[in-house]
Each structure stands twice: as structure tokens, then as C-alpha cells.
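See below for the structure under consideration.
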Amino acid sequence: MPRLELAALFEYSSSEGCHLCLEWSEMTKLLYGKPVADQVLNQVRARILSFVGQHYRPPRLTVVLVGEDPASIIYTRRKRDVALSLGMEQETMTLPANASPTLVQETIQSLNENPHIDGILIQRPLPKGFSEEDVLQWIDPAKDVDAFHPVHAGRLFLGLPAFRPCTPAGIMMLLDHYGINPAGRVATIVGRSSIVGKPMASLLLNANATVIQCHRQTKNLAQHTREAQILIVAAGHAGLIDESHVRQGSTVIDVGIHRTADGKIVGDVARDRIEGLVQYISPVPGGVGPMTIAFLMKNTMDAAELRMTQLSGS
Ligand code: ADP
């Protein structure tokens, strides 16, 4: 092709690309979690008042922290601050990094049996030597506010009422708040962890989406993610998803959170490369994160109310 023609073609396509880009970048909206989380927290705050009026004590959440992982210390502090700001009672039990699985299990068992505790959660990651399969089953399902117990997973899978894991349940609420209805839409999930990917698939399926689930062995990831009208990314790889992975006008939910060498917080999605292409994207930080913690408070409240109802009924 003559050089001029090529240049003209380039100019044409690049200006058209730019035009599209401008059009979409004006339309790309950020799905901020904070206003939605604040609504949830305000509801919990009101429920706590009426709970205290009825039971003469606030709901109580116990966090079990094994070891001194710096990120875990920050996360548990954040959970404590939010719980206390709502008027809940909260304590963190810290066990040494070399605590044996038996000791941790016995500690959890004593919390299960303590009638004054409504919610228990084990901060992850646990030190090496713990089997996730075992740990999932230690907390009494009635107090399992992370909702990782097989009882909750099974009920969720079957579409029965259950406590729902905080991150995927928070994402469903985020979608709902911004008027994004999964029904009849193609939703692709990148990741199949028990904490995010799998429960996310159940929730989206229960909401009548057509679900594609990708994982480490998935061949041609981009082919599946480009199908997505709703793309949920929970792979734990900074910048895994870029402009080659997304469908124009879609919704992208970024569950990843990473700190770069220069101290920036980023997600699994290279946001700057897809802004202008997609219609909605959840920012990192400030998207899914606030929803997760708000949902934890909601689950703790639900657990407290359910337990007290069951205790007064028995
Ligand atoms: P999370 O807690 O966010 O769910 P995990 O580390 O437990 O994260 O799980 C990561 C998930 O992401 C796994 O299911 C894995 O198969 C998936 N995953 C990781 N890398 C890729 C990739 N390059 N392509 C597709 N899926 C991936």
C-alpha cells in the first residue's frame, strides 16, 4: 500500500478510534463502593440500636488473628474500627505464628461455645501448616460471618437462604445499586477460589446470569472475558486484564488489590487501559473493598439476630 494511503488509513482509523475513545471515556462510570457501603452500615447501626433495646447488649464479633502478617494486622484493625464505630462489641484474639492447628481449633471451639459471642472470623492467610479444608469447618455455621463453612457454601449453591461470603455478596449489592441487572447477561468470572470466584458464580447464576468461569488452566482467557457483559476479576494478578480482554460497553468489577513497588494501590485490571472502552468499572481502592467490610457487619448483625431468635424460641 502506498505510504500516503497507509498514512491516511492510519489517520482515519486512529481518529475514529479516538472518537470512540472520547465517546466511551465520557460514559465510563466508576462504581464507588463507599456510598453503597454507607447505606448498609447505616441500616446495621439502626438494627444495633434495636438489638440493644431488646437484649441489653450489642452484637459481639471476635476476630482470630494467627501470627503477625502486617497486611492482616491492618485489615483486622479496620474491621475493629468499623465494628466499634457502629456500636458493636469487637475483640481480636491474637495467637502466635507458631500456634498449632490444634490450639487454634480449640480456641475457635471455645468461641463457638461462648454464648456472648455472635460472630467469629479467622483472618487469612493462616501460617503454613494449616489446611484450608479443615479451617473452613471449625467455626459454628451460626457464627460464621465470613460464610465460608460448607453448610453456607452448599446452601448458596442450591439457591437456599444462607449467609453469603462478604466480597461476592457485596459485589451483587454494588451491581444492584448502580442498576446493573445480571439477569440474561453473560457474566465471566476470572478466578475460582472458595472465597470469591465460586460463590460469585452461584450468586450470579441465582440472579439468572449466564456464567462463564475462568481459572489458571483456562485456555485463551481473553476469548472468554471478551464475551462478558459483566466481568468479575478475582485472580490475584496485578494488571492481568487490559484492553484486549474486555467487551465494549461492559461492566468490569475488579476484586484484586496490590501495592506496587512505588507504593500505589492497584487492582487486577489495568484501569487506565480500559477506561473509555467499558461502561462501568469499580475502582481500586474504593470499589469492592468498602462493600466487603460493610457486608461483614451485616452478616454479624444477621448472625446475632438469628441466634437470639433461635435461643428465645428454644
Ligand atoms: P481470591 O482470594 O482473590 O479469589 P486466590 O488467589 O484464592 O484469589 O485465587 C486466584 C484464582 O484466580 C484461582 O482460582 C486461579 O485459578 C485464578 N487465576 C489466577 N491466575 C489466572 C490467570 N492468569 N487466568 C485465569 N485465572 C487465573
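Since every read-out is calculated from the coordinates, none of them should be taken as a lab result. These figures come from a predicted structure and were not determined experimentally. Quick reminder, even Gly has a Cβ in these numbers, built from the backbone with ideal geometry, and neighbours come from all protein chains shown.
The per residue volume of the convex hull around the alpha-carbon atoms of segment 190-287 is 101 Å³. Here the scattering of segment 226-268 is modelled by Debye summation over its C-alpha atoms, one equal scatterer each and no solvent; at q = 0.27, 0.33, 0.34 Å⁻¹ the log10 of I(q)/I(0) is -0.92, -1.15, -1.19. Between Q213 and I189, the built amide H atoms are under 5 Å apart, and every one of these is 5 or more places off in sequence or on another chain.
Restricting the calculation to Cα atoms, every distinct pair contributes to the Kirkwood radius of segment 235-314, found to be 14.8 Å. Spin-label model, D242/A222: points 7 Å from Cα along the beta carbon direction are separated by 0.9 nm. Overall form of segment 30-83: oblate. Here a/c, set by the Cα gyration tensor axes a ≥ b ≥ c, is 1.5 or more, and a/b is not larger than b/c.
Full extension of the chain between D134 and S85 yields a length gain of 14.4 nm, computed as 0.36 nm times the residue separation minus the alpha carbon distance.
Less than 5 angstrom separates the built amide H of V186 from those of T210, Q229, I230, all sequence-distant by 5 or more or on a different chain. Quick check: from the Cα gyration tensor, does segment 60-157 come out rounded (a/c under 1.5), prolate or oblate? Taking the square roots of the gyration eigenvalues as a ≥ b ≥ c, segment 60-157 is rounded.
For V252, the amide hydrogen comes within under 5 Å of the amide hydrogens of L231, Y280, I281, S282, counting only partners 5 or more places away or on other chains and with H modelled in the peptide plane.
Using a simple spin-label model with pseudo-atoms 7 Å out from Cα toward Cβ, S50 and R78 lie 3.0 nm apart.
By the equivalent-ellipsoid construction on the alpha carbon gyration tensor, the chain comes out with semi-axes of 41, 21, 18 Å, ordered largest to smallest.
Given Cα positions, please report Rg to Rh for segment 143-213, the hydrodynamic radius being the Kirkwood one. Checking Rg against Rh, the ratio lands at 0.95.
Could you tell me whether segment 123-270 comes out rounded, prolate or oblate from its Cα gyration tensor? Rule is a ≥ b ≥ c as square roots of the eigenvalues, rounded for a/c under 1.5, then prolate if a/b exceeds b/c, otherwise oblate. Judged from the Cα gyration tensor, segment 123-270 comes out oblate (a/c at least 1.5, b/c at or above a/b). Length available on full extension from R259 to R124: 0.36 nm per residue minus the Cα-Cα distance, which gives 46.8 nm.
Karplus-based coupling profile of segment 200-211, in residue order and whole Hz: 4, 4, 4, 5, 5, 5, 4, 8, 6, 7, 9, 9, with θ = phi - 60° in 6.51 cos²θ - 1.76 cosθ + 1.60 and x standing for Gly or Pro.
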